[in-house]
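Working notes, beginning with the structure itself.
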Amino acid sequence: MSDKNVTENFITQIIDADLESGKHSQVMTRFPPEPNGFLHVGHVKSICLNFGLAEDYQGLCNLRFDDTNPAKESIEYAQAIQRDIEWLGFKWNDKVMYSSDYFDQLYAYAIELIEKGLAFIDEQSPEEIREMRGDFTHPGVNSPFRDRPIEESLDLFKRMKAGEFEDGQMVLRAKIDMQSGNLNMRDPIIYRIKRAHHIRTGDQWCIYPMYDFTHCISDALEGITHSNCTLEFADHKPLYDWVLDNITIDCHPHQIEFNRLNQTFTMMSKRKLNELVEQDVVDGWDDPRMPTVSGMRRRGYRPQSIRQYAKKSTVTRKPSMIPMSMLEDCVRQDLNASAPRIMGVLNPLKLVIENYPEGESEMITAHNHPMDESFGTRELPFGRELYIEADDYKEGANRKFFRFTEGREVRLRYAYYLTCQKAIKNEAGEVIELRCTYDPATKGGCSEDGRKVKGTIHWVSAEHADDVELRLYDRLYNVVSPKGMDDLNPDSLKVLENAKLEPGIVEKSEGVQYQLERTGYFFRDKTHEKDKPVFNRIVTLRDSWARQEQTEEQK
């Protein structure tokens, strides 16, 4: 299934069996987010699974917003979710669906349950209902309103809809089994009074259905065949089936539970992520350190790598923790093949070639991708004054240091062999400039006499380089299983305001991921640009966190 979106798993086996037996002739899935926040990496697995299965089986997938809690929902969130799904490369069936599309039908099905004696109006307070529900060691106690006449419950429910009662004054509960070992089956609430302006229906309704009642009916009305959800909904499945079994409806989707995506070094709680935004710990929901899809997009991740990550995340019935390094490896593999190479200097140190003619310059040919000739070449200006990385010089270095120190010869990438003659220091003893000589016979990085030079470093022309700001993003948390603010990584962002970039890149950088040789992958971020172009580090060339993840796994 290498050409598939979804690797073979127990859900594909169920679908294969259903198609082979003739139970279904077409696969119909759905992705049902609440429009109350931004999608994060945990949602990505569900998106790629549900939309991916529909693509793999030439079926359809609905995007349906669960908009039954109007106090926390907004059109802006719904639009952001749609943008994220489209950016990931998926298309939903027909128009966008909303649970509110079915409010009239949901109300009618609630009436049907009341008429069948399977639902009743309860006037207890929320605290009383919670207490009488019991817990895992104590059975529930029937509400004193459980056996009220059907006609009375019908009348009260209609008056609830008409707005005659205050919020919280009464609720509609399903009448199932207060002795059930499954707490979800102990006469769950299926409708409550909630006066809040709805993003689509305005003030038309003052009663709203609960998720467990809404979701299964919405699935059935849309003809969903396989309703895939994460493991926390496994205990809700009996209620899902009970509702559909007790109303007049033709379709009965199969709810299937799979493991959610839990990722190391990552916080998935919307509440705690929102705290980061509200306390200005991060630069909004699309901060490149956030685990949101919009954050990953702004950082420079490509959708191909995220989809590959989702494909590699196992789909099972057992909870699992996925290393963040697996996501970063997918990003590296993608960018290693797709990103053109350029040269940039993060912490510039000036270098003067004393025997290079003053006032002259030349063009050096450089490969845009060392492993793919189709990327072509580019011309780089080279002259007497250059910038190199400050840490490519070390005073009095031993033989194991293959970069610049006094008297040592080093190769400049695509250019010449240079020998460091001396370092110039300021009054504080800091190195501010290197003086070097070059061998004109080594252009292209090779010597005629065949002498070997171990060190190769990158550079940019001091005269032609563009001034840029580089933002070095790292993991937001510095522990494998973060709990809150105390686990934040103080080095999750380093801003380098005086970085230099080879000329000609800035003007064509829109939407392009680059590899800065020896440094990492970078992406232009215009979100808050002011005086100069800003580039985000997408990911480093190598993983520096793997050992910490392995140590945690061994524990």
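The values are calculated or read from the model by the stated rules, or taken from the named source; none is laboratory data. Just so we're clear, the structure is a prediction, and the values are computed from it rather than from any experiment. Glycine also receives a Cβ, built like all others from the backbone with ideal geometry; neighbour counts cover every protein chain displayed.
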Which one is surrounded by the fewest Cβ atoms within 10 Å (Cβ to Cβ), of the residues in the stretch 366-391 that are more than 20 Å from residue 346 (Cα to Cα) and among the acidic types (Asp, Glu)? 373
The condition from (1) in a loop (DSSP other than H, G, I, E, B); (2) at pLDDT 95 or above; (3) not charged (D, E, K, R) that residue 374 misses is numbered (1)
Do we find a residue being touching a helix residue (DSSP H, G or I) at 6+ places or on another chain (Cβ under 9 Å), modelled with pLDDT of 95 or more and outside the structural domain of residue 349 (by TED's automatic domain parsing) anywhere in the stretch 499-513? yes
If you check residue 453 against the conditions, is it modelled with pLDDT under 95 and either closer than 21 Å to residue 360 by Cα or of a type in the set (Val, Ile, Thr) (or both)? yes
Need pairs with beta-carbon distance below 8 Å; first residue in the same structural domain as residue 440 (by TED's automatic domain parsing) and within the stretch 364-384, second of a type in the set (Lys, Arg) and modelled with pLDDT under 95; sequence gap 6+ or separate chains. 364/443
Scan the strands (runs of 3 or more DSSP E) fully inside the stretch 479-533 and keep the ones with 3 or more residues being more than 22 Å from residue 331 (Cα to Cα). 493-501
Only one of (1) out of contact with any helix residue (DSSP H, G or I) (no Cβ under 9 Å at 6 or more places or on another chain); (2) at pLDDT 95 or above fails for residue 445. Which number is that? (2)
Residue that is closer than 28 Å to residue 14 by Cβ, assigned to a strand (DSSP E or B) and within 20 Å of the chain's Cα centre (by Cα), where the choices are 49, 63: 63
Scanning the stretch 250-263 for residues that are among the hydrophobic types (A, V, I, L, M, F, W, C) and assigned to a loop (DSSP other than H, G, I, E, B), the one farthest from residue 217 (Cα to Cα) turns out to be 261
Go through the stretch 469-478 and give me each residue that's assigned to a strand (DSSP E or B) and more than 19 Å from residue 528 (Cα to Cα). 477
Search result, residues across the stretch 460-482 that are surrounded by fewer than 17 Cβ atoms within 10 Å (Cβ to Cβ) and either of a type in the set (Val, Ile, Thr) or without any contact (Cβ under 8 Å) to a residue 24 or more places away in the chain (or both): 479
Does residue 243 count as among the aliphatic types (A, V, I, L, M), out of contact with any helix residue (DSSP H, G or I) (no Cβ under 6 Å at 6 or more places or on another chain), more than 24 Å from residue 321 (Cα to Cα) and outside any strand (DSSP E or B)? no
So the check is Cβ under 7 Å with 6+ separation or different chains; which pairs have a first residue in the stretch 514-534 that's of a type in the set (Asp, Glu) and a second one that's not in a strand (DSSP E or B)? 517/343; 517/413; 517/458; 525/298
Which residue pairs have Cβ atoms under 7 Å apart, sit 6 or more places apart or on different chains, and have a first residue in the stretch 392-407 that is without any contact (Cβ under 8 Å) to a residue 24 or more places away in the chain and surrounded by 15 or more Cβ atoms within 10 Å (Cβ to Cβ) and a second that is of a type in the set (Gly, Ala, Ser) and assigned to a loop (DSSP other than H, G, I, E, B)? 405/396; 405/397
Residue pairs within 7 Å by beta carbon, gap of at least six or interchain, first lying in the stretch 71-87 and farther than 13 Å from residue 40 by Cβ, second loosely packed, with under 15 Cβ neighbours inside 10 Å and of a type in the set (Lys, Arg), listed first then second, are none
Of all residues in the stretch 24-46, which are farther than 22 Å from residue 95 by Cβ and more than 15 Å from the chain's Cα centre (by Cα)? 24, 25
Filtered residues of the stretch 382-404 (kept if charged (D, E, K, R) and within 39 Å of the chain's Cα centre (by Cα)): 389, 391, 392, 403
Residues that are basic (Lys, Arg) and more than 17 Å from residue 345 (Cα to Cα), drawn from the stretch 392-423: 399, 400, 408, 422
Unmet requirement for residue 36, which otherwise passes all of (1) more than 17 Å from residue 292 (Cα to Cα); (2) surrounded by 15 or more Cβ atoms within 10 Å (Cβ to Cβ): (1)
May I ask you to say which residue of 313, 305, 338 is under 15 Å from the mean Cα position of the chain (by Cα), among the polar types (S, T, N, Q) and under 23 Å from residue 536 (Cβ atoms)? 305
Top-ranked residue of the stretch 410-459 - restricted to ones that are without any contact (Cβ under 8 Å) to a residue 24 or more places away in the chain and of a type in the set (S, T, N, Q), ranked as surrounded by the most Cβ atoms within 10 Å (Cβ to Cβ): 419
Only one of 460, 468 is under 17 Å from residue 353 (Cα atoms) and within 41 Å of the chain's Cα centre (by Cα), namely 460
